[in-house]
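Read-outs throughout are calculated quantities, based only on the coordinates presented, and are distinct from any laboratory measurement. Here the structure is a predicted model, which means the values were calculated and not measured. Here the Cβ is made from the backbone with ideal geometry for all residues, glycine too, and neighbour counts use every protein chain on show.
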Amino acid sequence: MLNSTKRYLYMIFFVISHLSTGYAHEGMHSDPGETGYIGEAVFINQTQVPKLDGKLDDPIWRTLPVIHHFVQRDPDFGQPATEDTEIRFCYDTENLYVGVRCFDSQPSRIIKRLGYRERDMYGSDTFAMFIDSRHDHRTGVKFGTNALGMREDSSRYNDYLRDNSWDGVWWVKTSIDSLGWIAEFKIPYKNFRFIEQDEQIWGLNFQRDVRRLNETTFWKPISRDDGSINRMSKLGHLKGIRKINTGRRFEFVPFATQGLTQQLNTDISAKTELGLDAKYAITPNLTLDTTLNPDFAQVEADVDEINLTRFPTRFAEQRPFFVEGNNAFLLPLELFFSRRIGSRGDILWGTKVTGKAGPYTVGVLASQTGDWDYLGIQDKDPTKEEATFGVMRLKRDVLGKSNVGFLFGDKEISGNYSRVFGLDFSLRPGDIYFINGQVASAWNKNISSDNKVYFIDFSRQTDLFSARFFTRRLDPNFEINELGFLRKEQFRGEQLSKLTWTFSPRPKQWNLRQAFFTGWIDAQKPLPTNQYLTDQTAQDPSLIIDPTFINEKNGFGGGTNLQLRFQGGSSLSLFASRQKRYDLTGPFYADSLGAQVRSASYRPVSVGVTGFVDNFYNFDKRHVSREYAISIDGTLKTEHMTVETRLRHSQIFDPQDKNEGRFWLSSIRGIYLFNPDLFFRLFFQARINDTSGSQQETYLISSVFAWEFRRGSRLFVAYNESRDDHTGRFELINQALIFKIAHQIDL
């Protein structure tokens, strides 16, 4: 264990020492931009710095060049914006200042709401800017706000892909007046990645949404073939910024937690812990992150799902250390899934290097789990897995918008290991064609053959017509779930090919904005091994395996989907499919039929209803079961509060129409924002499973009070509780009250 830890730390040191010097002075693209889409920033001295109050009444704003004349993407493509927008830039030695005037002829109808996440911001009038400070036409950052000063930021990579985990340190103030609304930004240079040189040329574009009109406009128009994505390769330009530097290179966030916890049949225990998060800018484009004894008490609990398959549910990563920069490790097939780290033991430490070094995208991560017994800090806990994780990802930009890369991952535990290695490529022969491919291998102490996967994907994407074909072969012994995530049984593989096409016209009738007609066909073949068959019969001696499954027969399927999106924001969907599949007891048809109706999500009250019926292979019962399900969700939004509720009910029947089970899942999530920096969030979930005359109930409460008292510094008070009746009594399973304070220090 100690040797593997040293190996990964040496690997990170090697990356830092070589990449920090080899590409420290890498140049950028210097094309001056298209005529008509060039903005200019003006230098100001300390006596001219505007007061950040959302007023734009400082004298400097009246002297700056104006950027305006936005153009619609929706609903009337290419037409001038209904409401005008003006933007002005200035800068000093430390910050970029942006003044935005969003004119509105009906200011009383501006839709303004505070929210916690980007999707909450969708329900209000918004303004966003996109900046490619590297000027590499591939990467960038987004800064967005609404009329109440809510902050939303994200990063862009591979031209059009988005990473919402990026969390910048910047400020914005807003106000509403008789002319519309105003936003005033102050953005330190530490939020940008650029090479220090005499003059900067940055990519630039703006987006404004007037929600009551369902209108989206841009400064530099974007094609509908690009979808809703502002591509970094198609930005305008910002000029005039000279002789600046990236500012502070080191920040660290020490934190302390005080917790009271209680688990099933135990007394309440108190615990105080200290930890540290640190970030160091190795170069303007490459960052080192380190965490020691991390705590994630503020992270919201996972939202449960009714899962009737034999595969586990994939819950999204929400822990800040692993979320930020996670796009560096992404591949078409998920060879590395960061939630594997810490799933069976405490995370003692973690460190990673992510970013760009010349044409290379770099991701190196090392972490150790277990407990602190080997330092003599506490007694050994045998329930906590002691493991060392190491991942290295390297991707090189080629041919303009394409890239090739590899990933190696390793998990070391006492007496065993799990390793993965994969090669991948992403080709962009033009703006609308995409080709992605991957080959990978996974092995451990007991498996070294029949352990590969092959994947290739061709797609064409335009506003009117899109198509995609992919094929994948998954060897029976390809096992990655110690490090990655794959819905697969041990010793069983598959071969799958699928063709999908979508025709999406924009008719002028029936108040439609766009209609989507989708169809697909596929072919699938199971690839079981003799070991798989032996294991199944050992578990169920009465099982009679059908010869068609053993002979690896091909299954075929197809389906269709119709979705209508209306001008007001509501939608209607109908879907149906039929698939012939082969499993242990023979062939069966996996039929599905359903519908969904949803009202406009930006309105104060929105509702969605989904209903479907489908057939699936019930692996526990060894026969085909039929599910009837209905799901109802609703959202209530006010200026300061959002409440979301969801109810799903499913009933399962066997081939003789005998009821095999009933499932209820309900949840309520509420958030109240006192201001953009202070909020309270509550999540409640209840689940009832009624199978074979036995009913089990599970309840979960997760809440947090959060205050960002200084940008990057936060106070959290979190309470979590779970209960169930698995013993026949409604008992407490876990309960925790945790106080956490984290203070960011910049050097």
- Of segment 620-635, those with amide N under 18 Å from the point 7 Å along the Cα→Cβ vector of Lys658 are 620-627
- Just the number, please: Stokes-Einstein D of segment 44-96 in µm²/s, Kirkwood Rh from C-alpha pairs, 10 °C, 1.306 mPa s. 120 µm²/s
- Message: Between Ile456 and Leu527, what's the calculated FRET efficiency when r is the beta-carbon distance and R0 is 22 Å? Round to 0.05.
- Response: 0.80
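Counting pairwise Cα distances across the chain, what percent come out greater than 50 angstrom?
That fraction is 16 percent.
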- Note on the structure: Taking every alpha carbon pair in segment 31-242 and sorting the distances into 10 angstrom bins from 0 up to the bin holding the longest one, the percent per bin comes out as 9, 36, 41, 14, 1
- With just the Cα atoms of segment 549-596, tell me how far they stretch along each of the three principal axes, in Å, largest first. 53, 14, 10
- Message: Test of understanding: ordering Val439, Val420 by Cβ neighbours within 10 Å, fewest first, what list do you get?
- Response: Val439, Val420
- How high is the relative contact order of segment 424-475, in percent, with contacts defined as C-alpha pairs under 8 Å that are six or more residues apart? 30 percent
- Message: Quick check on the exposure proxy: order Val624, Val453, Val597 from fewest to most C-beta atoms within 10 angstrom.
- Response: Val597, Val624, Val453
- Asn164 paired with Arg339, simple spin-label distance in nm, labels 7 Å along Cα-to-beta-carbon: 1.5 nm
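Let me have the 222 nm mean residue ellipticity of the chain computed from DSSP H runs of 4+ only, each contributing -39500 (n - 2.57), with the sum over all residues rounded to the nearest 500.
Here the helix-only value at 222 nm equals -1500 deg cm²/dmol.
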- Footprinting proxy, Thr309, Thr85: sorted fewest to most Cβ within 10 Å, the residues are Thr309, Thr85
- Item | Packing-based ranking, highest mean first, of 128-137, 496-505 given that Cβ atoms within 10 Å are counted | 128-137, 496-505
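Working out 0.36 nm times the residue gap between Val404 and Leu423, then minus their Cα-Cα distance, what length gain in nm do you get to one decimal? Walk me through the numbers before you get to the answer.
Values: separation 19, 0.36 × 19 = 6.84 nm, distance 0.77 nm.
In short, 6.1 nm is gained.
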- Here, Phe730 and Ile668, labelled 7 Å along Cα→Cβ, have an inter-label distance in nm of 1.5 nm
- Message: For a Förster distance of 30 Å, can you work out the FRET efficiency between the beta-carbons of Glu305 and Ser448, rounded to the nearest 0.05?
- Response: 0.30
- Item | Within straight-line cross-link reach of Lys243, aspartates and glutamates at Cα separation under 13 Å, skipping those fewer than 8 residues along the same chain | Asp92, Glu94, Glu196, Asp198, Glu199
- Note on the structure: Nearest-0.05 FRET efficiency for Gln695 and Thr560 at R0 = 30 Å, using Cβ-Cβ distance, is 0.20
